[in-house]
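The structure under discussion appears below in the form of structure tokens.
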Amino acid sequence: MQQGEMADTFQPLANNSLELEPPRSIDDYIESAYRHNSTLRHKGYLLDIIQHWRYYIIFLALGIANSGDSAEMGCTSFILSSVKFQHDILLKDGEADGDDADEIDFAGRGAAVAGAHFAGMLISGLLSGVLADVWGRRSTLLLGLVCNAIVGVLSVGARNAAELCMLRFVLGVGLGMVIAGVVTLCAEVSPPSKRGRFMTFVGSCYTLGFMYTACWALVIFPRSGSGNWRLFMFMNALPTMVAASLVMIFVPESPRYFLCRGKTKEAVHVANVIATRIGYVDKLLTEEELGQHLFQARIGEAKYHDLDANESYGTVETPPAIIQENLLREVWMSLVSIKQVFANGMYSTTIPLQLSFFSLTLATGVAQWFTRIFQMLELPTDAYVLSFCNTLAQIPGMMLASGLIETGRRRLVMIGFGGGAAILILLSTIANKIQNPEKETTVDDSEGLNSLIVLGLACSYSIFLCMAWLSLDVLSAESFPTKVRSTGRGVCVATGRMGGFCVQFLYGPLINEGRLTYMFGIASLFAIGGLVMSCQTTDTTHVDLRDHWDYSKVDSAVNGENGSHDRQRRKTSLAETKRKLSID
């Protein structure tokens with residue numbers, strides 16, 4: 001497009017500013033579409049959901065995808081406690097005839113099985129974040145779901161620990177892709193005023209995956225734990241298959257992704273699809289209106305920063321998004337320049353989030369062994385029943401997180417870390433008393449008092465973990481601009497998965513030696529470290545997803561309400577800006 005055509009396309013609205021409404025951004029458009037049906041929504045949410053199910057099913061599909069992830073991750077706790085699994089996979093070579101329980105290798109093979117998917121998620125945490133930013137959120141999500149469905153079925157035929165670890169590693173790669181796609185896509189198709197609620201709903205479906213797994217564990221594994229673990233693995237792959245089908249049919253690509261890639265026509269089309277699914281058909285978004293908004297945002301930004309006529313501010317230093325460029329080459333360029341999430345002041349956002357994810361994953365590693373821990377404490381109640389009840393405790397955690405998420409993302413993360421640390425200290429104390437009872441103070445457990453105490457503490461721990469994970473997911477998704485949102489989250493998640501993989505080789509030997517007191521005590525230190533680091537994060541409650549094309553709310557930036565988003569700018573020419581925002 002020539003400069004003359006560019007000028008004709010983006011005519012300022014100065015002469016008619018009192019008569020015409022200001023051009024809408026994608027966030028403004030989705031928000032107005034959502035609020036348009038407020039009168040209908042007052043008649044009942046059920047009626048609203050029925051009439052506009054094609055919009056709400058987007059979040060249902062993303063939620064089922066999330067639950068499929070948790071089902072695959074949660075199954076480890078149950079199969080490690082299965083007697084048949086221990087005999088088939090964890091028994092040391094040449095010792096199949098031994099009766100000693102010490103021949104079961106929890107320290108080596110058990111830890112490797114428990115941590116293999118974390119290793120895969122470490123790799124995909126970096127790769128999938130870049131892939132979602134370059135290839136698309138929906139495409140990355142679908143690839144991960146299909147990969148997990150196939151690997152989940154193949155895991156049924158694993159003959160030894162090496163084969164299962166390899167499959168779990170590939171599964172972890174797929175899990176990382178799903179996480180990168182689900183969280184970012186949910187954030188970018190939600191109305192801004194309800195973004196926290198929608199993201200919390202999708203994140204809370206993680207709990208449904210654990211509940212699904214726990215239910216099948218109760219059905220398949222009897223009290224002795226001798227059930228068919230291969231059937232259990234197959235059943236855990238079903239939610240992922242369902243999610244892949246729903247995403248393929250109902251979930252659109254993010255309009256913000258298209259806009260970030262310079263595909264204005266596709267961005268407008270997807271935004272209108274979302275709006276019509278909500279029931280908004282009065283005034284659809286047009287390419288001209290969106291282009292006018294982008295242009296005015298750039299001009300307003302240049303005036304705000306008192307730049308000359310040829311300068312404006314852009315985003316962080318990233319490779320040019322050339323649509324015709326080879327995909328693999330662009331992915332490689334993005335991986336090489338992954339330092340962009342640390343550039344121009346963004347390190348003050350990225351590093352605290354990284355360390356928060358790292359600490360939370362270390363503390364959560366204990367949950368991989370809860371069923372085995374219940375068995376080791378020799379409680380009178382079936383360990384699988386205790387694990388099922390512990391999983392149910394995530395429901396109040398989900399509800400608390402959903403209700404409190406708009407009161408402060410960072411505050412909720414801190415509550416999760418602080419409460420989790422306190423519970424772990426109490427668990428360490430009670431485990432020490434159960435395993436090393438004093439003759440004078442021996443507790444009669446005939447009525448299951450110890451079971452109630454341990455279960456109550458474990459459930460409280462699950463509640464705090466649920467609150468911490470959901471709020472940290474929302475916080476991290478809102479802390480990066482669209483162009484590097486998946487990449488930024490990928491870096492944070494990868495840091496956490498690295499800790500999740502390594503810590504299993506610390507917890508595994510402690511399980512082998514029965515040192516539960518040390519295990520809980522070490523985990524509490526990790527939680528305390530996470531509490532300290534979460535204090536350094538930037539709260540994003542009620543902050544718009546502001547990007548390099550949206551600086552219309554600069555006044556709030558002066559007051560510091562938008563935190564790290566204002567530290568991500570670098571200069572670029574206004575002529576280049578016009579060229580990138582041109583509409584053919």
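The values are calculated or read from the model by the stated rules, or taken from the named source; none is laboratory data. Just so we're clear, the structure is a prediction, and the values are computed from it rather than from any experiment. Counting neighbours? That spans all protein chains shown, and the Cβs are built from the backbone with ideal geometry, glycine included. When the accessible area is computed, the model is the full protein with side chains, heavy atoms only, and any ligands, DNA or RNA have been set aside. Shrake-Rupley method; radii C 1.70, N 1.55, O 1.52, S 1.80 Å.
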Only one of M177, M121 is more than 20 Å from P252 (Cα to Cα), part of a helix (DSSP H, G or I) and not small (G, A, S), namely M121
Members of the stretch 129-155 that are open to solvent by 40 Å² or more (accessible area, probe 1.4 Å) and charged (D, E, K, R): R138
Might you check whether a residue that is within 27 Å of G403 (Cα to Cα), open to solvent by less than 20 Å² (accessible area, probe 1.4 Å) and modelled with pLDDT of 90 or more occurs anywhere in the stretch 507-527? yes
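Just give me the residues in the stretch 156-172 being more than 24 Å from the chain's Cα centre (by Cα) and open to solvent by 60 Å² or more (accessible area, probe 1.4 Å), in sequence order. Before you say what the answer is, go through the steps one by one.
At the first step, the residues of the stretch 156-172 found to be more than 24 Å from the chain's Cα centre (by Cα) are 156-164.
Within the stretch 156-172, R159, N160, A162 meet the criteria.
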Return a yes/no flag: does the stretch 353-360 have any residue that is at pLDDT below 90, of a type in the set (G, A, S) and open to solvent by 10 Å² or more (accessible area, probe 1.4 Å). no
Report yes if L126 is closer than 28 Å to G262 by Cα, touching a helix residue (DSSP H, G or I) at 6+ places or on another chain (Cβ under 6 Å) and open to solvent by 50 Å² or more (accessible area, probe 1.4 Å), otherwise no. yes
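Which one of P239, P255 is surrounded by 19 or more Cβ atoms within 10 Å (Cβ to Cβ), under 26 Å from A149 (Cβ atoms) and in contact (Cβ under 8 Å) with a residue 12 or more places away in the chain?
Details: P255 fails: under 26 Å from A149 (Cβ atoms).
Just one listed residue meets the conditions, P239.
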Every listed condition ((1) assigned to a helix (DSSP H, G or I); (2) modelled with pLDDT of 85 or more; (3) not polar (S, T, N, Q)) holds for G196 save (2)
